[in-house]
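Here is the structure we will look at, set down as structure tokens.
The values are calculated or read from the model by the stated rules, or taken from the named source; none is laboratory data. Keep in mind that what you see is a predicted model, and the values were worked out from it rather than measured. Note that each Cβ is placed from the backbone with ideal geometry, even for glycine, and that neighbours are counted across all protein chains shown. Surface areas here come from the heavy atoms of the whole protein model, side chains and all, with no ligands, DNA or RNA. Shrake-Rupley method; radii C 1.70, N 1.55, O 1.52, S 1.80 Å.
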Amino acid sequence: MLTLPQLRALYPEAPAAHLTAFAAEAARLLPAHGLAANRQRCHFLLAQLGHESGGLQLRTENLAYSAARLMQVWPSRFPTPEAARRLAFSPEALAEAVYGGRMGNDRPGDGYRYRGRGYIQITGRETYRALGRLCGLPLEEEPGLADDPAHAVTIACAYWSWKRLNPLCDAGDYAGLTRRINGGLTGLQDRYGWLERAQRCIPWPEAGSEALPLPRLRAVQRALKARGLYDGSIDGIIGRRSLAAIATLRAELGLPGEGLDAPLLAALAA
């Protein structure tokens, strides 16, 4: 399904070993986790992995953040420069401050030991333990395995299923998906950028709305909103609200069929 040239175009700075392993494992893992079922599941996965890992490059959270960056990543914990300077460029102390005593981290050093790793940045002892069981890997004992190209795609797909992320994809809820992964909306615009890149680099063989690029889908949403049929985000993601608006417009115009076909697009353009 995913070819090595496609992945190289999507993640051009990724190490060759990771791209090769990704391409080799994708044909088995994506269908097994329902990620080959439709365009949004596949593209949402690839986009979120791109953001979380910097295009498969930054696979272990180093936590050597400046005070300004700490205020961006954890604004509630570090609301002022004074609060952030104390832990700036202190990875182990920062890890204990932000991760210690939660997510199953119940021993000294767990915050840093179980910091973010892999393509989806799994974090916390309980997550390593749960995914280790699902994947048949000793992740709790050897957390560095999450960064190994032999296991990284397996772990990312297992995480996707473990967190039950496919329903959010099917609903077109990219912001909700981001919250489920990140705990907030950190880097949302960059995640949208990765989504557009995934769409360009990984064409999908379906017709209708599946064949339209994100800018065109945003134009459709704007046109539906102008008609008073749509009150959702202009994000180019055709979820439940967009589909309901499209169905209403089709009914109003007396157009047979469903979805974004040529007659409906022509009507919207007019």
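Ranking D231, D148, D190, D110 by solvent-accessible area of protein heavy atoms (1.4 Å probe, all protein chains present), from largest to smallest, gives D231, D190, D148, D110.
The listed residues L134, L7, once ranked by accessible area (1.4 Å probe) with the largest placed first, stand as L134, L7.
Helix 16-32 and the longest principal axis of the C-alpha atoms of the chain enclose an angle of approximately 60°. Equivalent ellipsoid of segment 76-186: semi-axes from √(5λ) of the C-alpha gyration tensor, largest first, are 25, 20, 11 Å. In the assembled protein chains, R113 presents an accessible area of approximately 100 Å² (probe radius 1.4 Å).
Extension gain for D106 to F89 (0.36 nm times residue separation, less C-alpha to C-alpha distance): 3.8 nm.
The distance between label points at E141 and R218 comes to 5.0 nm (points 7 Å beyond Cα on the Cα→Cβ vector).
To the nearest µm²/s, what D does Stokes-Einstein give for the chain at 25 °C and 0.890 mPa s, using the Kirkwood radius over alpha carbon pairs as Rh? In µm²/s, the coefficient is 122. Using only Cα coordinates, the Kirkwood hydrodynamic radius of segment 1-149 works out to 16.7 Å. Note on the chain: dipole from Cβ charges, positive end direction compared against W162, A23, G193; the farthest Cα belongs to G193. Between helix 152-162 and the chain, what is the angle of the helix's C-alpha long axis to the longest principal axis, kept within 0 to 90° and rounded to the nearest 10? Between the helix axis and the principal axis of the chain, the angle is about 70 degrees.
Estimated at 0.36 nm per residue, the fully extended path between E82 and D261 surpasses their Cα-Cα distance by 58.8 nm.
Taking the longest Cα principal axis of the chain as reference, the axis of helix 214-226 is set at about 60 degrees. The distance separating the Cα centre of segment 199-270 from that of segment 153-170 comes to 26 Å. Residue ranking by accessible heavy-atom surface, 1.4 Å probe, largest first, among E126, E140, E258, E82 comes out as E258, E82, E126, E140.
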